[in-house]
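Written below as structure tokens is the structure these notes are about.
The values are calculated or read from the model by the stated rules, or taken from the named source; none is laboratory data. The shown structure was predicted, so the numbers you read here are calculated from the model rather than taken from an experiment. Here the Cβ positions follow ideal geometry from the backbone for every residue, glycine too, while neighbour counts run over all protein chains shown.
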Amino acid sequence: MGRLVLSAGHVIDPANGVDGPGDVVVESGRVVHVGAPLPPRADDERIDVSGCYVTPGLIDPHVHLREPGFEDAESIATGTAAGVDGGFTTLCCMPNTNPALDSRVMVEFVNRQAELRGRCRVFAVGAVTVGRKGEELAEIRLMSRAGAVGFSDDGDVVESPAMMRRALTQIRLTGLALMQHCQEPTLTRGAVMNAGPTATRLGLIGWPSVAEELIIERDIRINRSIGCRYHVQHLSCAGAVEIVRRARAEGQPVSAEASPHHLLLTDEACEGYNTMAKMNPPLRSAADVRAVREGVADGTITVLATDHAPHTAERKALPFDRAPFGIVGLETALALYIKALIDTQTIGWPRLIELMTVNAARLCNLDAPGDGPGRGLGSLTIGSPADVTVIDPELRWTIKAADFPGKSRNTPFEGWDVRGRAVMTIVGGRIMLDRQGRSALPAADVPQGQAQAV
């Protein structure tokens, strides 16, 4: 097998401090060269990527692939197709499936399905408690040994302080992170959107930001004597940013993520009872959006994650107070991060790629060198797996949900004109997406009529 040579691009590899012109050469599924052009070989496959950024494969540590149990909305096959379309080479899937990913057997199920049907790498985030019910600790160590890359009851908070203490103690022994869905339940019972003027005008029950802040404060205090890695999922409000900022300044092992919608939209997107803007945690105020962006700029927020949450059209068509929370995000994330963070001069390209590659890999312990599954991801280090994303930063396109390769279409960004897109996604040396026409995605794995969208 010959070499794949990505020539004349601009390489950004934050893990290795690379930010400049160069070639990336892939052979036998590994990165073998980054830098000045090598002498050509007869068996080279050379692709001119001038005008593009060549980066480590993008990693999303927070997606919902819905399998098992909710395959009408998404599956590992279609969810990874959506990921590849968005430039992602690795997805970490949440455990709120049916049954929940709360045991070694269920983690191994995800591993098998991903190997058989996945278009990119998939790793399971195991549940903290059995059935995500908060009553009994799940098989933490067994799931870790089976390949789980973190633990969360996402979709629900670990409500009991006593259970949280037990979970932090056990998860610390694995070296993995507890990823908390921060929602104090007694303050959000029946709530469907941010507490504020828009909720009052629409006659809907409001969800106060203090419900997020209280859980983060509580957990950090519990964790002080334990020292488990603690990660705040989908941070949404100014108060939460400040709590995390303070904890990190004190040296606490705390990290946080932000999602595209919390960087761009306010609760006013819910006007007209628009269920496409209904999400958990909810869209908040313009001041909160500014604070979340500031948290990205100053390093308080260390990871970008989509919280890709597909739902069927039928469910999203229910009345606002009955429709499910969540939007899809994999296909559109990169362009939306560009709009929210690059176009506003909040951060530059190297920092954006850091937030979407090596930082996400470190969160999930996927960056360590070695030959095992999930080792050496998040960089273009020589000898590492050849997971590579090629981005055209100036490619202009219009978001059209009908073109998404994933099963679901629930996005509030329909019709937005955006710029920047992955034009090539390479997983383990295999070209899984090439917008010039090549794709490794069989038509049978995507909804009818969608095979050409990848």
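So in segment 73-131, with the set limited to residues that are in a strand (DSSP E or B) and of a type in the set (A, V, I, L, M, F, W, C), which one is farthest from T389 (Cα to Cα)? Per the stated criteria, the residue is A124. Considering T312, T306, T275, the condition of being surrounded by 15 or more Cβ atoms within 10 Å (Cβ to Cβ), in contact with a strand residue (DSSP E or B) (Cβ under 9 Å, 6 or more places away or on another chain) and polar (S, T, N, Q) is satisfied by T306 alone. Against the conditions (1) within 18 Å of the chain's Cα centre (by Cα); (2) without any contact (Cβ under 8 Å) to a residue 12 or more places away in the chain, P260 satisfies every one except (2).
Aromatic (F, W, Y) and touching a strand residue (DSSP E or B) at 6+ places or on another chain (Cβ under 7 Å), is that true of F88? Taking the combined requirement at face value, the residue satisfies it. Checking each residue of segment 223-240 against the condition of being at positive phi and buried (at least 20 other Cβ atoms within 10 Å of the Cβ) gives at least one match. What are the residues in segment 223-244 that are touching a strand residue (DSSP E or B) at 6+ places or on another chain (Cβ under 9 Å), closer than 19 Å to A305 by Cα and not in a loop (DSSP other than H, G, I, E, B), if any? R229, Y230, H231, V232, A240, V241, V244, listed by residue number.
Taking every residue in segment 42-63 that is under 23 Å from R30 (Cβ atoms) and pairing it with any residue that is of a type in the set (F, W, Y), at least 6 positions away or on another chain, the pairs with Cβ-Cβ distances below 6 Å are L58/F88; D60/F88.
Within segment 10-52, the set of residues being in a helix (DSSP H, G or I) and surrounded by fewer than 19 Cβ atoms within 10 Å (Cβ to Cβ) comprises N16 only.
Among the residues of segment 1-49, what is the count of those that are of a type in the set (S, T, Y) and either in the same structural domain as R351 (by TED's automatic domain parsing) or touching a strand residue (DSSP E or B) at 6+ places or on another chain (Cβ under 8 Å) (or both)? Let's see the steps before the verdict.
The initial filter retains those residues of segment 1-49 that are of a type in the set (S, T, Y), namely 7, 28.
Still in the running and either in the same structural domain as R351 (by TED's automatic domain parsing) or touching a strand residue (DSSP E or B) at 6+ places or on another chain (Cβ under 8 Å) (or both): 7.
Qualifying residue count for the region: 1.
When restricted to residues that are crowded, with 24+ Cβ neighbours inside 10 Å and more than 19 Å from the chain's Cα centre (by Cα), segment 97-108 contains 1.
Residues are listed down the side, and each one gets a yes or a no for (1) buried (at least 24 other Cβ atoms within 10 Å of the Cβ); (2) touching a residue at least 24 places away in the same chain (Cβ under 8 Å); (3) farther than 21 Å from A258 by Cβ; (4) not acidic (D, E):
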residue: V110; (1), (2), (3), (4): yes, yes, yes, yes
residue: E115; (1), (2), (3), (4): no, no, yes, no
residue: E136; (1), (2), (3), (4): no, no, yes, no
residue: R141; (1), (2), (3), (4): no, yes, yes, yes
residue: A162; (1), (2), (3), (4): no, no, yes, yes
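Looking only at segment 53-72, filter to residues that are part of a loop (DSSP other than H, G, I, E, B) and buried (at least 23 other Cβ atoms within 10 Å of the Cβ); which one of those is nearest to the chain's Cα centre (by Cα)? Taking the candidates together, the pick is H64. One residue stands out in segment 77-96 among those that are farther than 30 Å from V32 by Cα and either surrounded by 24 or more Cβ atoms within 10 Å (Cβ to Cβ) or modelled with pLDDT under 95 (or both): the one that is nearest to the chain's Cα centre (by Cα), namely M94. The set of residues from segment 25-44 being among the hydrophobic types (A, V, I, L, M, F, W, C) and within 21 Å of T55 (Cβ to Cβ) comprises V25, V26, V31, V32, V34, A36, L38.
Here S384, S408 are screened, and the one residue that is polar (S, T, N, Q) and under 24 Å from I12 (Cβ atoms) is S384.
Just one of the numbered conditions (1) within 20 Å of the chain's Cα centre (by Cα); (2) in contact (Cβ under 8 Å) with a residue 60 or more places away in the chain; (3) closer than 26 Å to G35 by Cα is not true of E394: (1). In segment 281-293, of all residues being surrounded by 20 or more Cβ atoms within 10 Å (Cβ to Cβ) and not in a helix (DSSP H, G or I), the one that is nearest to the chain's Cα centre (by Cα) corresponds to P281.
Filtering segment 241-262 to residues that are under 30 Å from T332 (Cβ atoms) and surrounded by fewer than 21 Cβ atoms within 10 Å (Cβ to Cβ) leaves E242, R245, R248. In segment 357-374, of all residues being farther than 19 Å from N111 by Cβ and among the polar types (S, T, N, Q), the one that is surrounded by the fewest Cβ atoms within 10 Å (Cβ to Cβ) corresponds to N359.
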